[in-house]
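Please treat every number below as a calculation from the coordinates, not as lab data. Not measured: the values here are computed from a predicted model. Here the Cβ is made from the backbone with ideal geometry for all residues, glycine too, and neighbour counts use every protein chain on show.
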């Protein structure tokens, strides 16, 4: 029993050491606070309204109030106009200016946010009161690339989820392992990268400069 307790203690110490190194790397790496190349996608309020109307069409089809079955296509401009607000509501993460780009099979997201907005997961959240406020308020550029997949419910009629699997993650100009988004942001990362979609949606496809949503009967 004593050896078991010692083993648990050593494991806890090792985990804390790794987390301490991660925090230190974030605060000491100059690259984290450097600005990468950025080319925002221009959009208007009209693009935001168009995106809402197109996504509402999904709701209508789910409720059986629309007989349309044609693909719903969101342009990059419409996605940028919609997602700026959605990210804040879904995960409390405001990226401004936000840039979303679509290439075949891949989605690219880039934006700037204060460092504190990236530290929601334990033990980062518990450490916030003890960290320099000036550093926590310092803006950090987040650049991510990944693919969008559609999970199917385990049972017929069960909930269906859209997911983003990250292949690249960069803070400032510092490449970071993709799994660190879950370590840093905790549950907020799951809300950001996995969301429930209506059962009527059969496919989500990323094409060049557009996102295609397909629905069934």
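Within 10 Å of each residue's Cβ, count the other Cβ atoms and sort 207, 78 from fewest upward.
Working: 207 12, 78 26.
Fewest to most other Cβ atoms nearby, the residues stand as 207, 78.
For region 95-181, what's the relative contact order in percent, using C-alpha pairs closer than 8 Å and at least 6 residues apart?
On the way: 140 pairs, mean separation 20.5, N = 87.
Relative contact order of region 95-181: 24 percent.
Which of 143, 170 comes first, and how do the rest follow, when ranked by fewest Cβ neighbours within 10 Å? Write down the numbers at each step before the final one.
Numbers: 143 20, 170 17.
So the residues, fewest neighbours to most, are 170, 143.
Return 145, 61 ranked ascending by Cβ neighbour count within 10 Å, so the fewest neighbours appear first.
Numbers: 145 18, 61 21.
With the fewest neighbours first, 145, 61 line up as 145, 61.
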